[in-house]
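Asker: One structure coming up, written as structure tokens, with questions to follow.
The values are calculated or read from the model by the stated rules, or taken from the named source; none is laboratory data. Everything numeric in this text was worked out from a predicted model, so none of it was measured. For neighbour counting, all protein chains shown are included, and Cβ atoms are generated from backbone atoms with ideal geometry for every residue, glycine included.
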């Protein structure tokens, strides 16, 4: 996956340093963590640190400030992502003979022409002009929708589209209202194996992330739906319909959030007892609960 920073999305829109600090802490830092941890290609213009953050201060000015923890955190990210290659303007992909269309008028090459040519994704700061998930562009009058990433949920879903085997990592990183994890016993994670080894496609896995959100909403509101059920003791079952008309099940417990234990494609009317027994054994190992 290749990301290109939308340097036009930083043009003095923040009301002040505190406003920018809150944005760093709550939105930008979790997103940048994913980029760094997974060594995702992050392209930017070599002089982007000169962009305006507030009406008076540039990104460079703010980075010179001291005694502000969030700014110190931003400095770490900028040093790792901003003051080092790759820069798109040292290896320009934009073509002079191509006619580009995008929502603003700027000198070319720019981040939009680059993301069009590189078939990448745009990543934008919080900006009123760049809030949409897809931004309509064109190349020689052929319409192209550019994905515009602004929050961590988007980058995790995009990463999952390309790295399906990372589903456990993405699930545990996803910003749910409750902590979500997959149990690991003696080096094996049965829930992750179920997600990776049952021929679930990209759409199934993306849908799974959203289903977990709905599950948490049900549990938070004490609402019983067809999405989940209690099997026995404190073992619960999440029910998902997946590709090829199949029914997928994940068993879980509610300790310190949600912990998925094991899963399977359901082929009989009742949940197989061996899967329930397996869940009970995993639970005992993880929590010492009999």
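Asker: Report whether or not residue 269 is more than 25 Å from the chain's Cα centre (by Cα), more than 21 Å from residue 189 (Cα to Cα), without any contact (Cβ under 8 Å) to a residue 40 or more places away in the chain and exposed (fewer than 14 other Cβ atoms within 10 Å of the Cβ).
Answerer: Spelling it out, residue 269 is indeed more than 25 Å from the chain's Cα centre (by Cα), more than 21 Å from residue 189 (Cα to Cα), without any contact (Cβ under 8 Å) to a residue 40 or more places away in the chain and exposed (fewer than 14 other Cβ atoms within 10 Å of the Cβ).
Asker: Hey, among the residues in the stretch 125-144 that are under 19 Å from the mean Cα position of the chain (by Cα) and under 23 Å from residue 98 (Cβ atoms), which one's surrounded by the most Cβ atoms within 10 Å (Cβ to Cβ)?
Answerer: The selected residue is 135.
Asker: In the stretch 272-290, what residues are crowded, with 20+ Cβ neighbours inside 10 Å and more than 21 Å from residue 179 (Cα to Cα)?
Answerer: 275, the sole residue that qualifies.
Asker: For the stretch 214-224, which positions are within 20 Å of residue 168 (Cβ to Cβ) and surrounded by 15 or more Cβ atoms within 10 Å (Cβ to Cβ)?
Answerer: Once the filter is applied, which keeps residues that are within 20 Å of residue 168 (Cβ to Cβ) and surrounded by 15 or more Cβ atoms within 10 Å (Cβ to Cβ), the stretch 214-224 yields 215, 216.
Asker: Okay, next question. Limited to the stretch 200-239, what total is found for residues that are within 19 Å of residue 165 (Cα to Cα) and without any contact (Cβ under 8 Å) to a residue 40 or more places away in the chain?
Answerer: Total meeting the criteria: 3.
Asker: Tell me whether the stretch 216-223 contains one or more residues that are touching a helix residue (DSSP H, G or I) at 6+ places or on another chain (Cβ under 9 Å), on the phi < 0 side of the Ramachandran plot and in the same structural domain as residue 262 (by TED's automatic domain parsing).
Answerer: Within the stretch 216-223, one or more residues are touching a helix residue (DSSP H, G or I) at 6+ places or on another chain (Cβ under 9 Å), on the phi < 0 side of the Ramachandran plot and in the same structural domain as residue 262 (by TED's automatic domain parsing).
Asker: What is the residue count in the stretch 250-266 for residues that are crowded, with 19+ Cβ neighbours inside 10 Å, over 14 Å from residue 239 (Cβ atoms) and free of Cβ contacts under 8 Å to residues at least 60 places away in the same chain?
Answerer: 1
Asker: Hey, another quick one. Here are the criteria: (1) closer than 22 Å to residue 37 by Cα; (2) at pLDDT below 95. Tell me which single one residue 123 does not satisfy.
Answerer: (2)
Asker: State whether one or more residues within the stretch 225-247 are under 15 Å from the mean Cα position of the chain (by Cα) and surrounded by fewer than 20 Cβ atoms within 10 Å (Cβ to Cβ).
Answerer: no
Asker: While we're on this one: Would you point out the residue of the stretch 151-173, among those that are closer than 17 Å to residue 28 by Cβ and without any contact (Cβ under 8 Å) to a residue 60 or more places away in the chain, that is surrounded by the fewest Cβ atoms within 10 Å (Cβ to Cβ)?
Answerer: 154
Asker: Take the residues in the stretch 69-86 that are buried (at least 16 other Cβ atoms within 10 Å of the Cβ) and touching a strand residue (DSSP E or B) at 6+ places or on another chain (Cβ under 7 Å), then tell me which one is modelled with the highest pLDDT.
Answerer: 81
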